[in-house]
Amino acid sequence: MLSEEQLEIISEAITPLFQYLEKEVITDIARRIAKTLTYSRTAELQAMSMADLGYSPARIRKEAMKILNADPEYRKAVAKNTLEYKREIRNTINDITREAYKANDDIVAGAGNMAWISDLAVWKSVGKELKDHSFLQQLVDAFAAQTAGELKNMTQSTGFKTMSGYEGIENAYRRELDKAVIKICSGTFSQDKVIRDVVHDLAQSGLRSIDYASGYSMQLDTASRLAIRTGCHQLAGKIQDKNIEQTGENLVYVSKHRGARNKGIGHANHEQWQGRVYYIKEGQDYREEADRIGQDSITDLWRATGYSADGAHEDDPEGLYGYNCRHNHYAWFEGASSFPKNHDEKDPAPVTINGKSYDYYAMTQKMRSMERNIRALKREKEALTTLGADTTEINARIKSKTAEYKEFCKACGVPVATSKLRYECGTSDLKNTKAWKGMQNIEGENGYKEYRVIGDNGKAVSLGEKVTLSTMIAKMPSTVRSALSDVTFHLNSSVGGGYWYGHNEIYLPSNVTDREFYHEVGHCLEEKLFNKKEVDALKKNLVQGLTKDDIIIKTGMDSTGNTMKVFVLNSPRFINEYQGRLYVESVKEALNSDGSINTDALGEVVSVAVEHYFMTPRATKKYFPDAELVKTCEALAKESGGSI
């Protein structure tokens, strides 16, 4: 299952792509209007002259427009820019859509992998193993297609919100030009003011995904965030369902969070069904379990929340896992599970700010509104900066509105949502944005992190291979996982296993075993975690008293299949023979000038030790038998001539 924090980071990852598109469209329109208005000087002069003579604005506009429309160069420029704008904007949208599809595939696959690893840790904590993830690729493909469809629909119906309704993106240049020309020809607006107005109006609207049938619209970056969030959340829910199906559990707990939706009736009111235990299939009596946990009764999950975990019913889009829902469901183990720590947590008491009362849900809605307004100001600033205009005033407004937002959050006692204030529009290369890097650095309590995994020669790897690798890493201590955060893993390597020192690259063969994986990780950790002086001291201790007579020569094969001499230091101090491997081409190279062993040639001491550490079963203290039992066993062993 994905945590709220993980979902937030994942859903933010794709927004810079649409914020970049938005800035490009706004600045392109403003540039073209500025260029077109260079032909309007004669009309402006006429307007100023008529204004001095006291003519009405309507008369001034009529005469000035007559002059402007009579200019063939002006008409030609308008036609040229209209054609170029439509063509270039459509090409830009197509490019952004293609990039969004690629990013979407990566995001959804990463979310599926993350959810699987998270569930793996939870089930393992109750003594149950999840081994079959064969369903994962099919689920990921289905949800990637679903969110790709959402993204396509968004980009196919984009535009801006205006005083008179909506204007489609392809007609935006001409519509905004017409409004600019009318202002110029009224005799009361300068070209600089007109261009600033264009930028302000478009930035306040933001590029929107528009449903013309219903008249509803949403800013494109927000729409993309919600599409990804909802898709990844639903995917995590279906993975949980498959794991519940594998183990035959029938009870689930639906999570609870502050500020749950408390509007609407039935499934749409999330507050009324959150934080309870439900059954998936009917037929069993759970009254005893309900009494144990202090719940009045345990009822049907689908009837209460609108979500069908076994697929027997159609899901309600307003219920659990519906549009923008933040709730999860978890397996509940009868007679063993207990409510999470936040189960009895209540929403904060309503607060009154500037004479208006806000409950917690209303607080969050107000915060979202303020965040949208701050992003709109940042949109305006970015466009003005790109156009080379002065941004002193807009910077002051951003600072003021941000301070108001922080004060509101402080008064409500809720944290500032910093990521929702971000407007990152500098590049269409998502991998160079903070939002994308934030997703790459997710690591939850389950030890999952989206590591860089590629195939041989940069080829793509399957989700199953990624899941297998992530499962191996998740079992390791947090210090090790942290050390591996900037490592590139090459799977299906044609050169076998290895670690490229100084380059943070681990090479692993096809169908890599746990032992091979831990061994190559050991090489990496020697460079990144281990103290070199301590490692050198260990090697010197291992070779103390050994001479050239302890070196044995064997025949092996190199990576190309050719035979080669392999030099091994023979000593019972080593865990195995391979730990004593000497990377030299002659016995002479293995010795120092005084005849002692050259410890620099020992290249497998740490890697074999790490491999052995993770591969050798170790019992923790709580599993040790008590002292009396040990004495009894020792006595029995002694009688039979054995020992413990």
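Evaluate the following for N354: is it on the phi > 0 side of the Ramachandran plot and open to solvent by 70 Å² or more (accessible area, probe 1.4 Å)?
Numbers: on the phi > 0 side of the Ramachandran plot: yes; open to solvent by 70 Å² or more (accessible area, probe 1.4 Å): yes.
So N354 fits the description; yes.
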note = Among residues of the range 196-216 being at pLDDT 85 or above and open to solvent by 30 Å² or more (accessible area, probe 1.4 Å), the residue farthest from R61 (Cα to Cα) is R208
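Only residues that are polar (S, T, N, Q) and either without any contact (Cβ under 8 Å) to a residue 60 or more places away in the chain or assigned to a helix (DSSP H, G or I) (or both): list them for the range 180-203, please.
So the first thing to find is which residues in the range 180-203 are polar (S, T, N, Q), and the list is 186, 188, 190-191.
Across the range 180-203, the qualifying residues are S190, Q191.
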request  = Within the range 382-389, identify whether any single residue is surrounded by 17 or more Cβ atoms within 10 Å (Cβ to Cβ) and under 26 Å from the mean Cα position of the chain (by Cα), and answer yes or no.
outcome  = yes
ask   = Only one of these conditions is not met by Y286: (1) among the aromatic types (F, W, Y); (2) under 31 Å from the mean Cα position of the chain (by Cα); (3) open to solvent by less than 40 Å² (accessible area, probe 1.4 Å). Which number is it?
value = (2)
remark   = The correct count of residues that are closer than 13 Å to Q274 by Cα and either open to solvent by 50 Å² or more (accessible area, probe 1.4 Å) or among the polar types (S, T, N, Q) (or both) in the range 289-301 is 2
request  = Can you confirm whether the range 229-252 contains a residue that is farther than 21 Å from T158 by Cα, hydroxyl-bearing (S, T, Y) and surrounded by fewer than 19 Cβ atoms within 10 Å (Cβ to Cβ)?
outcome  = yes
message = Condition check: farther than 30 Å from P415 by Cα and in contact with a helix residue (DSSP H, G or I) (Cβ under 6 Å, 6 or more places away or on another chain). Does Y55 satisfy that?
response = no
task = Please find, within the range 41-91, the residue that is farthest from the chain's Cα centre (by Cα) out of those that are closer than 30 Å to S157 by Cβ, among the polar types (S, T, N, Q) and surrounded by fewer than 19 Cβ atoms within 10 Å (Cβ to Cβ).
result = T82
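Take the range 368-403 and flag every residue that is outside any helix (DSSP H, G or I) and at negative phi.
Step one: of the range 368-403, the residues outside any helix (DSSP H, G or I) are 387-391.
Selection gives L387, A389, D390, T391.
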inquiry  = Restricting to the range 604-619, name every residue that is surrounded by fewer than 16 Cβ atoms within 10 Å (Cβ to Cβ) and either touching a helix residue (DSSP H, G or I) at 6+ places or on another chain (Cβ under 9 Å) or not in a loop (DSSP other than H, G, I, E, B) (or both).
reply    = Y613, M615
task = Just name the residue that is least open to solvent (accessible area, probe 1.4 Å) out of those in the range 450-496 that are more than 23 Å from F530 (Cβ to Cβ) and of a type in the set (V, I, T).
result = V467
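The values are calculated or read from the model by the stated rules, or taken from the named source; none is laboratory data. Here the structure is a predicted model, which means the values were calculated and not measured. So basically every Cβ, Gly included, is an ideal-geometry build from the backbone, and we count neighbours across all protein chains shown. In case anyone asks, the SASA skips ligands and DNA or RNA and just uses the protein heavy atoms, side chains included. Shrake-Rupley method; radii C 1.70, N 1.55, O 1.52, S 1.80 Å.
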